[in-house]
C-alpha cells in the first residue's frame, strides 16, 4: 500500500498532537495531581504512536511507546511526578518533533533514540509487567456483550443449522505498537470461521485503538474451539486467545439486565440500534496553495469589477448600472468570505511560546509565568507565517533583559515570579499584539548614552528626544544595552530585525516603559495584505495609491502656508509642525505641458507611530479597494514603493509605502 498519499495528513496531525502534549505537559507541571491532564497527554501520545506505527516510522513509534508506558504508570498512580520525569518527557517530545521535521523535509524520520529510551526504561518499575492484569479465563467468562432482539433471532436461526456461538477474548502483547492493525487481522482470521455478531468495545473504538490490551467479540461458527484458537494465536503479537461457548439464554439474561439498569455504561459501548452516532465534522482541510490561487483569481475579478464600474458610470445605461451594482454587492460578500477563509487564529503562533518560555526560564534560573490572552484573534495567513520570529525575539529579550533575577526582584519588593503577558486584540482594520513584562523597564539614560556612543544621535538631538524616541533607539542595527554578550542577548540584539520584519508586513512597533515596573512592546499589523483599502491620488499624470491605514487626514493648503525650517519645507497642522514630502520630486515625475494642478496643494497627512508627514499631491481621486501585486524580482527594494495595482481603466498605479518617508 502506498502511504505517501497519507504523509501530509500524518505530518499535520502529528504536529497537532505534539502541540497538545506540550501544552498539557506545561499544565501538568503546574498541577501534578491533575489526572485529567495526564489522560489527555496519554491519549495524544497513544494516537501518535499508532499513526507512526501504521506509517512505518519505527523509531518514532518505539520512542512514543516507551513514553506512553511512563504516562500510563503516572495515570495509574504507579509513579509520582518529579522534575526529572518531566524533563525526560519534554526531551522525548523534542526528539519526536525533530523526527517529524525530518519526515516533513523528505527524510526517513530515523534518529538515535536509545539514550532517551534507556531513561524512560529506568523510570519505569522493573516489575511493571508482572503487575499487569490481562483478562484471565474467569474475567473472560463474566465479560458481558449486549445484543438486541434482532441479533438474538439471527443467533437462534444460525444455531438451528449447526453453528456455535463463541465469545472470544483476544489479548495483545504489551509491546504491540499497532493494536488496530492486529485487531483487523484478528477480525479477518475470525471471519474465515464464521460471522462476527458483536464486539466489545465497538468496532470504531477498536479502529481508533481506544482499548487497552484486550478486546472481545461474539462469533457464529461451525468450527471447533481449538481450531479457532490455533489460527488466531498464529497472528503476530497476539498473546492470548480465550474462547468460551455461549448460550442464547445467557445473552437474553444480559440484555434484560441491561434494560432494567438504564445507567449501565456497557450499553453505550455496544452496536445496538439505539446507539447515538457522533456528529460528523463540518470542516475540511484545504491546501494553502489552493486558497492562494483562489485569492489571486478573485483579485483579478476585483480589477475587472473596477473597470465595469467605470464603464457603467460613463455609459449611463440603466440595465448595465443595475447589473454592475448587483455584481458589486455579490463580489463584496464573496470578498469577505474569501478573506475570512484565509484568516487564522494567532493561537497557531502563540501556542509554541509557553514551552519556549518554560525552557528559557530554566536556563536563566528565573521564575517566570507567561499569560496568553486573545489567542482567538485572527490574522491573514500570510501575516501569521511571518510574525512568529519577531515575537520569539521580543519574548527572549523580555525574559533575559526585561525581567530581573529572583534576588533582584526580592530586593525590589516584587514577587519572586516574573510575569510576561502575550496579548492580541483587534481594533478597526488592525490587529495589535503586545509583549509586556513586569521587570525593571528600559533604562532611558543607558539607552541614550549608547546612542551617543555609537553616533546614532548627536548631543544636540539628544536634548530634544522624548522618552518614546529614546526607546526607539534600541531598534537601531546592532544596538544593545547588554553588558555581556550571551546566546540569549540583551534587550537590543535582534530588535532591528524585528522592526524590519514588522514594517515589511505593513505594520509598526512602539514601546512603553516605566522604570521599575516593566515594558510593553506593541505591534500594529494590518488584518490582510492582499486586498487593501487605499486613497488614489494624482501627481501630474501619474496615479498613486496610499494605504488608508496610514492616512490621518487630507487637507488643502495654499503655497503661502508652507514654511522652511533648516532647509525642510513644513506646514503648521493642528498645532504640530509637519514636514512635507513632495512626491513629484521623490519619484521624479515628469512635468506635463498644460497640466492644471488647480489652486493650492492637497496634503495627505500620514502617520507612523507618533510621527507624521505630509505627502504633497496635485489632486485626490477618492478611495478604492486595490489588489496588492508584487513588482517582481527585477524591481526589488524600490524606495517608498511596496507594490502596484491595476486600476479599472487598465492603468498601473504604484502603491506608496509612507513609512519610509518618516525616519
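Odds and ends about this structure:
- Fraction of antiparallel bridges per DSSP, the chain only, in percent to nearest 5: 90 percent
- Extension reserve of the residue 541-residue 456 stretch, reckoned as 0.36 nm per residue once the Cα distance is removed: 26.7 nm
- Hypothetical label at residue 174: residues of the range 26-65 whose amide nitrogen lies under 18 Å (7 Å Cα-Cβ projection): 46, 62-65
- Each of 639, 184, 166, 634 was scored by other Cβ atoms within 10 Å of its Cβ. Listed from fewest to most, they are 634, 639, 184, 166.
- Counting every other Cβ atom within 10 Å of each residue's Cβ, 311, 155 order from fewest to most as 311, 155.
- Computed over the range 4-131, the P(r) curve from all C-alpha pair distances, binned at 10 Å from the origin, holds 13, 47, 31, 8, 0 percent per bin.
- Global form of the range 495-639, assessed from the alpha-carbon gyration tensor, a/c cut-off 1.5: oblate
- Considering helices alone, the calculated mean residue ellipticity of the chain at 222 nm is -13500 deg cm²/dmol, with DSSP H runs of length four and up weighted by -39500 (n - 2.57) and normalised per residue.
- Expected-Rg normalisation [2.2 N^0.38 Å, Cα atoms] applied to the range 149-195: 1.50
- Convex hull volume of the C-alpha atoms in the range 288-344, normalised per residue: 59 Å³.
- Inter-part distance, the range 312-368 to the range 641-663, computed on C-alpha centroids, equals 21 Å.
- With respect to the chain, whose longest principal axis is taken over its alpha-carbon atoms, helix 35-55 is tilted by about 80°.
- For the chain, the longest principal axis of the C-alpha atoms and the axis of helix 4-30 are separated by about 90°.
- Rg/Rh for the chain, where both radii come from Cα atoms and Rh is the Kirkwood radius: 1.10
- Placing a pseudo-label 7 Å from each Cα along the Cα-to-Cβ vector at residue 389 and residue 58 gives an inter-label distance of 3.9 nm.
- Using alpha carbons only: equivalent-ellipsoid semi-axes of the range 346-526, gyration tensor based, whole Å: 25, 22, 14
- The long axis of helix 288-315 is offset from the longest Cα principal axis of the chain by roughly 40 degrees.
- Fewest-first ranking of 360, 9, using other Cβ atoms within 10 Å as the exposure measure: 9, 360
- Here the Kirkwood formula puts the hydrodynamic radius of the range 395-452 at 13.3 Å, using every distinct Cα pair.
A short reminder: the numbers here are calculations on the coordinates, not readings from a lab. Given the structure is predicted, the values throughout are model-derived calculations rather than measurements. Using ideal geometry, Cβ is built from the backbone for each residue, glycine included, and neighbour counts are taken over all protein chains shown.
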